[in-house]
Every structure is written in structure tokens, then in C-alpha cells.
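The values are calculated or read from the model by the stated rules, or taken from the named source; none is laboratory data. In this text, all values refer to a predicted model and were calculated from it rather than measured experimentally. Here the Cβ positions follow ideal geometry from the backbone for every residue, glycine too, while neighbour counts run over all protein chains shown.
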Amino acid sequence: MTAHDPTQGRPPAEVQLNLTRADIGFSAAHFSIVGGRAERLHGHNYRVELRARGSLRADGTLVDFAVLKRALRDVCASLDERTLLPLHSDRVAVREDGDQVDVVEGTRHFRFPREDVRLLPIPNTTCESLATHLMLAVRARLGDAPVRLELTVEETPGQSATVAE
């Protein structure tokens, strides 16, 4: 009788990689429309976490951590130290005027230097919309990598939104 070698068994049905690092995130200003009411312009130090799920490859890996980190850091860097503005809001009007961006929400009017804002193809700058935007941007950088993504944006400790493919 031979001893059972657990390393010779079937590979797990699914593997998950977790990328949860204190140095991955971004700082940004925003205001959201919540319950029909506009928040004041304010900012957060957002933390972003990424999980990738899928089957092990022949080499015993799911995907290279370096590839995930680079993709996530790139999308976070594009938002860092910017004011985030939604382009698909029915309450926030955004108009580019040369090197300036004019924003109107209700009776409030803002004017920002163009280089200080990120115009996002989202309806609202909520945590949920930002998580969706970031996940789609990471997916675009990963291309057809055979993994399913789940991404969390935490705007303050204990307050976050998670989206998954």
C-alpha cells in the first residue's frame, strides 16, 4: 500500500488572488447626488482592492501578481489628486471650455483647471460607480486574461463598494 500524496490530487476548481495593499489607491475630490440631494464638494483617500478568480495554469499560477499590480496602479494613478466629475449625470452639467471645466449642479457653479479634473463616463461619483469604472479599466488593461475580477473601493474605513464580473 502506498501513502497518499496530496500534491498528486486534482487541482482546485478555482483559485483566488487577493491584491489588498495599503499603497494602492488614490486621493480625489468629488460630490455625489444621493437621495436627490447633492453632497458638498469633499475628498477621500480611497483604497482599492482587487481579486482575480479562475483556474490554475499548467505552471501553477493564475495570473502574474505584477501584471495585476501594474494595471491597478495605472488606473488609480489616473484619478489621483483630481476632482472626479460624472459625464452621464442628469443633475450635473459639465462643459469643457479650453483649459477650464465648468460644472453646474443646481444653483452651484464650479470652474476647475482642466488638468485638475477627471471626466468619467459614469452617472454619479459614488463609491459604486467608481468601483465599476475602475474594474472596467483594469479589465481593459488585462485584455482576455482568463480571470474573473472583483474590485472594492473603500472611501473611508468600513465604507466601501464591491463589484464583480
Look at the range 86-108 and say how many of its residues are in contact with an Asp or Glu (Cβ under 9 Å, 6 or more places away or on another chain) and without any contact (Cβ under 8 Å) to a residue 24 or more places away in the chain. 6
Consider Ser32 carefully, then state whether it is of a type in the set (Ser, Thr, Tyr), within 14 Å of the chain's Cα centre (by Cα) and at pLDDT 95 or above. no
Between a first residue in the range 109-121 that is farther than 19 Å from Phe26 by Cα and among the hydrophobic types (A, V, I, L, M, F, W, C) and a second residue that is surrounded by 10 or more Cβ atoms within 10 Å (Cβ to Cβ) and at pLDDT below 95, which pairs have beta carbons less than 9 Å apart while being 6 or more apart in sequence or on different chains? none
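Would you mind stating whether Gly60 is without any contact (Cβ under 8 Å) to a residue 40 or more places away in the chain and not in a loop (DSSP other than H, G, I, E, B)?
Details: without any contact (Cβ under 8 Å) to a residue 40 or more places away in the chain: yes; not in a loop (DSSP other than H, G, I, E, B): no.
No, not satisfied.
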Identify, by number, the condition in (1) closer than 30 Å to Ala145 by Cβ; (2) out of contact with any Pro (no Cβ under 8 Å at 6 or more places or on another chain) that Leu41 doesn't meet. (1)
Just one of Ala38, Ala58, Ala28 is in contact with a strand residue (DSSP E or B) (Cβ under 6 Å, 6 or more places away or on another chain) and over 21 Å from Val163 (Cα atoms); which is it? Ala38
Return a yes/no flag: does the range 28-44 have any residue that is part of a strand (DSSP E or B), touching a Phe, Trp or Tyr at 6+ places or on another chain (Cβ under 8 Å) and either under 23 Å from Gly143 (Cα atoms) or free of Cβ contacts under 8 Å to residues at least 40 places away in the same chain (or both). yes
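Which of the residues spanning the range 136-159 are of a type outside the set (Val, Ile, Thr) and touching a residue at least 60 places away in the same chain (Cβ under 8 Å)?
The initial filter retains those residues of the range 136-159 that are of a type outside the set (Val, Ile, Thr), namely 136-137, 139-146, 148-151, 154-155, 157-159.
Across the range 136-159, the qualifying residues are Ala137, Arg141, Leu142, Ala145, Pro146, Arg148, Leu149, Glu150, Leu151, Glu154, Glu155.
Go through the range 137-165 residue by residue and tally those that are closer than 23 Å to Asp90 by Cβ, buried (at least 17 other Cβ atoms within 10 Å of the Cβ) and aliphatic (A, V, I, L, M). Before you say what the answer is, go through the steps one by one.
Going residue by residue through the range 137-165, those that are closer than 23 Å to Asp90 by Cβ are 153, 155, 161, 163.
When the remaining residues are screened for being buried (at least 17 other Cβ atoms within 10 Å of the Cβ), the result is 153, 155, 163.
Pick out the ones that are also aliphatic (A, V, I, L, M) and you get 153, 163.
Adding up the residues that qualify gives 2.
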Within the range 88-99, residues within 24 Å of Phe26 (Cβ to Cβ) and exposed (fewer than 13 other Cβ atoms within 10 Å of the Cβ) come out as His88, Glu96, Asp99
For Asp116, all conditions in the list (1) surrounded by 14 or more Cβ atoms within 10 Å (Cβ to Cβ); (2) under 21 Å from Asp74 (Cα atoms) hold save one; what is the number of the exception? (1)
Can you pull out the residues in the range 122-136 that are surrounded by 18 or more Cβ atoms within 10 Å (Cβ to Cβ) and among the aliphatic types (A, V, I, L, M)? Ile122, Leu130, Ala131, Leu134, Met135
In the range 35-68, which residues are surrounded by fewer than 17 Cβ atoms within 10 Å (Cβ to Cβ) and under 21 Å from Arg82 (Cβ atoms)? Ala38, Glu39, Arg40, Leu41, His42, Gly43, Asn45
